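The values are calculated or read from the model by the stated rules, or taken from the named source; none is laboratory data. All values derive from a computational prediction rather than experimental measurement. Please note: Cβ atoms are built from the backbone with ideal geometry, for glycine as well, and neighbour counts cover all protein chains shown. Note: areas computed on protein heavy atoms with side chains; ligands, DNA, RNA excluded. Shrake-Rupley method; radii C 1.70, N 1.55, O 1.52, S 1.80 Å.
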Amino acid sequence: MQVLQKTQEIIDLANKVFDGNDFFRPLNESQRLQIINKAAVFEKYEDGEYVVKLGDPSDFLFVIISGTISVLVGENDEQFEVSRLTASQMLGEMAVILEDKRTASCMACGDLIILKLANVVFKKVLAAIPEAGLSMMKILCERLKKASRPPIHKDMTANAPVPSAEILNLLPLEFMQRHRVVPVKKRNNTLIVGYCDHMEDSLRQTIERMIPAFAIEPALMDVAFFNKVMQSYSGENVSKESSGSGLKNIDDLLKRLVQEGGSDLHLSAGQKPRWRIDGTIRVISGYNEFSENEVFDLLKPIMRKASIENFEKTGDDDFAYSMNEQSRFRINLLRDNHGVSAVFRHIPNTIFSLQDLGMPDILRKWADMPKGLILVTGPTGSGKSTTLAAMIDHINKTRECHILTIEDPIEFIHKSKNSLVNQREVNVHTMSFAKALKAALREDPDVVLVGEMRDLETISMAIETANTGHLVLATLHTSTAMSTVSRIVDQYPAESQEQIKTALADNLIGVCCQTLCKKIDGGRVAALEILAMDYAMGNMIREGKTHMLASAMITGQAKGNRLLNDDLVRLVKAGKITKEEAKSHSVDLADLARKLP
């Protein structure tokens, strides 16, 4: 740590930072300069240096002038990051006011400059400058407001009557379904609008623009009331007596899915259509139940002849559909006891970078490796394809090499940039994953993406491809790093397991297990478990001691390792997900309970 002189440059920088801080912004120039010149201390920290540590006394608060701070909870090997803060953000005011010890550690990420104020100075500022006291009150009240919820409005309980069509028609059906809001009651020039989740300022302003004739009064409604409204309200006024769902063109629903930010569309015989938004499946109002073969008839125009024949023969088929340049879908068609059903997965044409996805830097380092095996695992719908697409795109931009992808079906479309990219689809361009991998060894690839390691032959070929000097990226449907290693080894007969343990230990770069959690404020966020291979872990795999990997991951957090429960705890403490959501994704509830008080 280095104490900096108060040069004009640092004073000007601090003044600029104050403009972005709710506490200091209301102060005039004279008040700011008085704080800077008489009370503030400027300190510079290098990467990895601690600003404060867990349990330290609350003898000062600080404002970040430049750089980034990592907020860490836990101690020693149990320590992990919960958030990162940047310029203009303030830390420690709650500890100073409550006179509590530090509840987290703060470490510099790269070069960092902070402005420190002693706790006595902070309290004097609050007492002497009314504007500062009012600003701090506002900050604390905003925190309290976000942490509390009002009671459910009496007109929006589960037993309340559904609003009239005149009121409901004030907002589009799609908008109500996406944001879970409903116009409920007019009172003079005020419109009471019910919401299920959060009425953010941006959402309220959007409603005000859509209905400029009314002042908007938000009120919390029961989720059961919202569901009742959606079930009774038919945006398309489809007749119950009409045959079939009333859907004329599949593109109509797919366009709505994209507009509403949905990830999946479900069409099932004997059921109304449903879509998945932010991880929750909801009925789409305005349609009746699908008849037995209606879904198949709707999809025939977008299917290849070979897909139609395969479905009629086997009762299953997977294929991709590009509605336009912006919208692409992976489709599974199936036959069940009610008739024909289909599941659509929306694949954005925009490939997000690893940084955009909030992925740790270890994944970029893996993608820069010249050879080895990288596994991205998790349940269906956990974002594996999106993560792999980001890694492939990173390679495509930064390396001059040959990338070959083998998928069923092709999902993200990669255009050649610095690299040459070839994409092959199983059952269209090749008969199977294993056959395509065998052929790949003669096609001079540097990087091979395997959409899914479904069987022993594909797993064997993927490991062999990595062993022959290629970088292989692949997916598995496993939920933890240890179960991933065990699943691969257990695929082999007993007499071959020693050999595959050695091959896996020699070639595995790392495993990223991910699951998507519902965020408190809408949307989803990934919780990750990461195994970054090293020599000690390789020996554990060779000796069949996979149960020891978890301990090695805990002690090796500095190398990028993390356990799923630790990441769930981080997301809870950062206010991104609820404890209940964390419990629903944990594979070790007892361990999670110990870490979440």
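What the table shows:
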| quantity | calculated |
| --- | --- |
| Matching residues, the stretch 171-190, being crowded, with 18+ Cβ neighbours inside 10 Å and part of a loop (DSSP other than H, G, I, E, B) | L171, R180 |
| Count of the stretch 304-361 residues which are in a helix (DSSP H, G or I), within 20 Å of A390 (Cβ to Cβ) and either touching a strand residue (DSSP E or B) at 6+ places or on another chain (Cβ under 9 Å) or of a type in the set (A, V, I, L, M, F, W, C) (or both) | 0 |
| Test: residue in the stretch 445-457 that is of a type in the set (D, E, K, R), at pLDDT 90 or above and touching a Ser or Thr at 6+ places or on another chain (Cβ under 6 Å) | no |
| Count of the stretch 516-568 residues which are within 16 Å of the chain's Cα centre (by Cα), at pLDDT below 90 and under 19 Å from L589 (Cβ atoms) | 1 |
| Cross-chain or 6+ apart pairs with Cβ under 8 Å, the stretch 166-192 first and in contact (Cβ under 8 Å) with a residue 60 or more places away in the chain, then assigned to a strand (DSSP E or B) and of a type outside the set (S, T, N, Q) | L168/V182; L168/P183; Q177/I277; Q177/R282; R178/I277 |
| Residues of the stretch 3-49 classified as more than 18 Å from N119 (Cβ to Cβ), under 41 Å from the mean Cα position of the chain (by Cα) and assigned to a helix (DSSP H, G or I), total | 11 |
| Conditions (1) open to solvent by 60 Å² or more (accessible area, probe 1.4 Å); (2) within 26 Å of C517 (Cβ to Cβ): number failed by A213 | (2) |
| Every residue from the stretch 378-404 that is among the polar types (S, T, N, Q) and either closer than 23 Å to D316 by Cα or open to solvent by 10 Å² or more (accessible area, probe 1.4 Å) (or both) | T380, S382, S385, T386, T398 |
| Tabulated pairs, the stretch 267-285, first under 16 Å from H179 (Cβ atoms), second of a type in the set (D, E) and assigned to a strand (DSSP E or B), C-beta under 7 angstrom, 6+ apart or interchain | W275/D264; R276/D264 |
| Some residue of the stretch 156-164 being at pLDDT 85 or above, assigned to a helix (DSSP H, G or I) and more than 25 Å from the chain's Cα centre (by Cα) | yes |
| Tally, over the stretch 33-50, of residues that are open to solvent by less than 20 Å² (accessible area, probe 1.4 Å) and either out of contact with any Lys or Arg (no Cβ under 9 Å at 6 or more places or on another chain) or among the β-branched types (V, I, T) (or both) | 3 |
| Residue in the stretch 147-154 that is surrounded by 15 or more Cβ atoms within 10 Å (Cβ to Cβ), of a type outside the set (G, A, S) and under 29 Å from the mean Cα position of the chain (by Cα) present | no |
| Residue in the stretch 533-542 that is among the small types (G, A, S) and farther than 28 Å from K438 by Cβ present | yes |
| Residue within the stretch 191-201 that is over 30 Å from I10 (Cβ atoms), assigned to a helix (DSSP H, G or I) and either among the β-branched types (V, I, T) or modelled with pLDDT of 80 or more (or both) present | yes |
| Tally of residues being part of a loop (DSSP other than H, G, I, E, B) and within 25 Å of the chain's Cα centre (by Cα) across the stretch 416-453 | 3 |
| Unique match (being closer than 30 Å to G510 by Cβ, without any contact (Cβ under 8 Å) to a residue 40 or more places away in the chain and surrounded by 12 or more Cβ atoms within 10 Å (Cβ to Cβ)) among R345, R335, R364 | R364 |
